[in-house]
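The values are calculated or read from the model by the stated rules, or taken from the named source; none is laboratory data. From a predicted model like this one, the values you see are computed outputs, not experimental measurements. Cβ placement follows ideal geometry from the backbone for every residue including glycine, while neighbour counts extend to all protein chains displayed.
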Amino acid sequence: MLTMKKYTIVFIACSLFSLIISPKAHAQTNPLIEKVAQKLALVNDYVAEGVMKTDVSFIKASLGKVKVYFKKPNLLKVKKEGGISLLPRGGVSLTINTLLNTKQYTTIPAGTQVLNGKNLTVIKLIPTDENLDWVISTLWIDPVEALVYKTATTTKENGSYEILMQYGEYAKFGLASKIVFSFNTKDYKLPNGITLEFGDEDPAVKQKLLKNKKGTIEINYNNYLINKGVPNSIF
Amino acid sequence: MWSLIQIELYKIFRRPRTYIAFGAIAALIVVIQLGLKIDGNSYAAFLMKDINDTLTVDGKVLNGYLICYILLQLLLVHVPLLVALIAADMISGEANLGTLRLLFSTPYSRTHWVLAKFIAASVYTILLLIWLAFLALFVSMWIFGTDDLFLMKSNYVVLIQQGDVLWRYVGAFVFASFSLLTVTSLGFLMSSLANNSIGPIVGTMSAIVFFTILSTLNIPLFTIIKPYLFTTHMNNWKEFFDIKVNANNEAITGSVLNIPKIKTSLIVLSLHIVLFVSASILIIKKKDILS
């Protein structure tokens with residue numbers, strides 16, 4: 001009987017302890033994240049026009065006009081106008097809107113850092129839903145403007161991404177005027193038997209030039225259409 | 001001179017053998033287009049295996065422009081063999097039939113006849129190339145549509161905007177005409193050396209195969225002679241599809257990466273044509289017609 005009582009006490013104590021450190025409870029109490037989320041909540045959907053630049057060591061591509069479609073909670077699509085677009089695998093959809101709109105995360109404060117002259121608060125997000133694609137995300141937030149200037153996200157299957165943001169006239173909605181996605185690239189090599197590029201005189205030199213393993217996709221937005229409705233068929 | 005060319009063209013196009021090359025090219029292109037139409041997506045997925053590890057490619061990758069590039073890669077290596085069928089028969093065929101003596105007994109000089117024959121063979125070569133361009137480019141554009149050209153090379157990928165592609169093909173086909181005319185002139189030279197058709201045709205084909213192998217081997221010993229072989233330069237039509245990038249790694253629309261390489265190749269090929277045709281004229285002028 002006494003043993004049973006002991007077990008009950010231990011169980012209640014554990015339950016209380018888990019409630020105290022509950023991730024959801026912690027997430028709800030982070031005022032800065034709440035402030036950012038409130039700003040982003042103003043946007044139900046948007047269509048943005050912009051110019052995309054692809055900078056990957058083994059890709060030669062010119063600038064291209066793109067349209068970016070977003071719909072709450074986390075639908076996002078980048079489409080190049082009349083052409084082929086190259087986007088980081090899985091990473092482009094992990095914008096700040098898609099991260100915060102899920103509400104399925106817990107926060108860990110990680111101090112402050114100066115980035116481009118701005119004193120930013122660093123907060124780490126850890127997803128509470130194990131089905132989400134990302135494992136951890138770090139946000140660099142301006143506490144005054146409630147704007148996220150940088151995120152670094154590690155995903156389960158598609159590696160790590162870093163996103164840098166700059167803001168312009170749509171800052172009041174938390175929407176960036178420029179986004180730079182940085183991601184790690186893997187080796188690219190096709191056998192000469194497939195490409196039929198026999199007798200290439202300097203393959204070693206060409207290969208040497210392609211050692212940079214970091215790729216970036218840069219989108220400069222010049223126009224946003226906010227809350228005008230976006231059909232689901234686009235995604 | 002014009003009447004001599006007309007006579008030679010008439011001789012070329014009344015022979016059934018002439019149309020073998022047109023038929024072979026049509027059959028090959030149709031088979032490849034059919035294969036890519038039915039199962040092209042799995043072929044594209046195989047090519048893009050490495051790219052898909054890092055990036056997602058959105059758009060019509062397998063479009064008419066890419067199909068044409070694939071076809072040219074496959075066919076421009078083999079079309080010279082089809083050109084040799086006619087070019088290497090131009091003089092030796094007549095020598096074999098015994099009609100060369102009749103030609104050279106006309107008021108026209110031997111040089112006139114040789115040049116007329118070469119021009120007629122060149123017209124055949126250019127028509128073959130136009131036929132190839134029509135089927136490979138325009139029919140592919142009609143079947144597969146158009147989009148940006150997404151070229152996967154051995155070490156890197158080139159993405160050329162749709163509006164920047166067509167002029168590159170014009171340049172590539174003009175370049176290819178120089179390549180094929182070099183083969184025509186080689187066949188012509190071989191033809192001037194023999195009195196039957198088989199020897200020059202097989203000889204020209206063997207020379208193309210032999211020099212192509214030397215051109216593709218990356219062995220230091222052969223590297224010294226490679227710049228002087230016409231087969232090294234014949235494949236440089238591909239240079240039209242490589243693009244310059246600026247300091248920010250942005251591709252410059254309308255640019256060609258290595259124009260000097262194209263110019264050098266055109267000069268080398270032109271010199272070969274002049275050399276082979278001049279040698280043919282000299283040989284024929286001194287030739288004792290015994291057949």
task = Could you tell me whether region A:52-60 includes any residue that is away from chain B (no Cβ under 11 Å) and of a type in the set (Lys, Arg)?
result = no
task = Could you check how many residues of region A:191-231 are loosely packed, with under 15 Cβ neighbours inside 10 Å, modelled with pLDDT under 75 and either touching a strand residue (DSSP E or B) at 6+ places or on another chain (Cβ under 7 Å) or of a type in the set (D, E, K, R) (or both)?
result = 5
ask   = Residues of region A:33-46 being under 18 Å from the mean Cα position of the chain (by Cα) and of a type in the set (A, V, I, L, M, F, W, C), which ones?
value = A:Ile33, A:Val36, A:Ala37, A:Leu40, A:Ala41, A:Val43
message = Looking only at residues that are among the β-branched types (Val, Ile, Thr) and closer than 13 Å to B:Val256 by Cα in region B:157-179, which one is farthest from the other protein chains (Cβ to nearest Cβ)?
response = B:Val165
query = Looking at this structure, is B:Thr253 facing chain A (nearest Cβ under 10 Å), surrounded by fewer than 21 Cβ atoms within 10 Å (Cβ to Cβ) and of a type in the set (S, T, N, Q)?
reply = yes
ask   = Right, B:Ser92: of a type in the set (S, T, N, Q), buried (at least 22 other Cβ atoms within 10 Å of the Cβ) and touching a residue at least 60 places away in the same chain (Cβ under 8 Å) or not?
value = yes
message = Test of understanding: among B:Leu103, B:Leu82, which residue is under 30 Å from B:Gly40 (Cα atoms) and in a helix (DSSP H, G or I)?
response = B:Leu82
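Within the group B:Val157, B:Val170, B:Val183, which residue is among the hydrophobic types (A, V, I, L, M, F, W, C) and touching a Lys or Arg at 6+ places or on another chain (Cβ under 9 Å)?
From the options B:Val157, B:Val170, B:Val183, the qualifying one is B:Val157.
Yes/no per residue for (1) within 12 Å of chain A (Cβ to nearest Cβ); (2) part of a helix (DSSP H, G or I); (3) among the hydroxyl-bearing types (Ser, Thr, Tyr); (4) over 28 Å from A:Thr216 (Cα atoms):
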residue: B:Ile213; (1), (2), (3), (4): yes, yes, no, yes
residue: B:Thr231; (1), (2), (3), (4): yes, yes, yes, yes
residue: B:Pro260; (1), (2), (3), (4): no, yes, no, yes
residue: B:Ser270; (1), (2), (3), (4): no, yes, yes, yes
residue: B:Val274; (1), (2), (3), (4): no, yes, no, yes
residue: B:Val277; (1), (2), (3), (4): no, yes, no, yes
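If you scan region A:173-188, which residues turn out to be assigned to a strand (DSSP E or B) and either more than 14 Å from chain B (Cβ to nearest Cβ) or without any contact (Cβ under 8 Å) to a residue 60 or more places away in the chain (or both)?
A:Ala176, A:Ser177, A:Lys178, A:Ile179, A:Val180, A:Ser182, A:Asn184
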query = Can you name the residue in region B:197-211 that is of a type outside the set (A, V, I, L, M) and in a helix (DSSP H, G or I) and, of all such residues, is farthest from the other protein chains (Cβ to nearest Cβ)?
reply = B:Gly199
remark   = Selection from region A:136-155 of residues over 12 Å from the mean Cα position of the chain (by Cα), in contact (Cβ under 8 Å) with a residue 60 or more places away in the chain and in a strand (DSSP E or B) yields A:Ile141, A:Leu147
inquiry  = Condition first: in contact with a strand residue (DSSP E or B) (Cβ under 9 Å, 6 or more places away or on another chain), in a helix (DSSP H, G or I) and of a type outside the set (Val, Ile, Thr). Now tell me which residues in region B:51-67 satisfy that.
reply    = B:Tyr65, B:Leu66
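Matching residues to (1) surrounded by 17 or more Cβ atoms within 10 Å (Cβ to Cβ); (2) modelled with pLDDT of 85 or more; (3) part of a strand (DSSP E or B):
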| position | (1), (2), (3) |
| --- | --- |
| A:Lys24 | no, no, no |
| A:Ala37 | yes, no, no |
| A:Leu40 | yes, no, no |
| A:Tyr46 | yes, yes, yes |
| A:Val51 | no, yes, yes |
| A:Val66 | yes, yes, yes |
| A:Phe70 | yes, yes, yes |
| A:Pro73 | no, no, no |
| A:Val78 | yes, no, yes |
Test: residue in region A:84-94 that is more than 12 Å from the chain's Cα centre (by Cα) and over 26 Å from A:Lys186 (Cβ atoms) = no
remark   = Note on region B:28-42: residues surrounded by 11 or more Cβ atoms within 10 Å (Cβ to Cβ) and modelled with pLDDT of 90 or more are B:Leu28, B:Ile29, B:Val30, B:Ile32, B:Gln33, B:Leu34, B:Gly35, B:Leu36, B:Lys37
remark   = Log entry, pairs with first residue in region A:156-172 being among the polar types (S, T, N, Q), second being surrounded by fewer than 18 Cβ atoms within 10 Å (Cβ to Cβ) and at pLDDT 85 or above, beta carbons closer than 6 Å, six or more apart or on different chains, reads A:Ser160/A:Thr154; A:Gln166/A:Lys178
note = Of the conditions (1) under 23 Å from B:Met48 (Cβ atoms); (2) assigned to a helix (DSSP H, G or I); (3) touching a residue at least 40 places away in the same chain (Cβ under 8 Å); (4) of a type outside the set (Lys, Arg), the single one that B:Gly171 does not satisfy is (1)
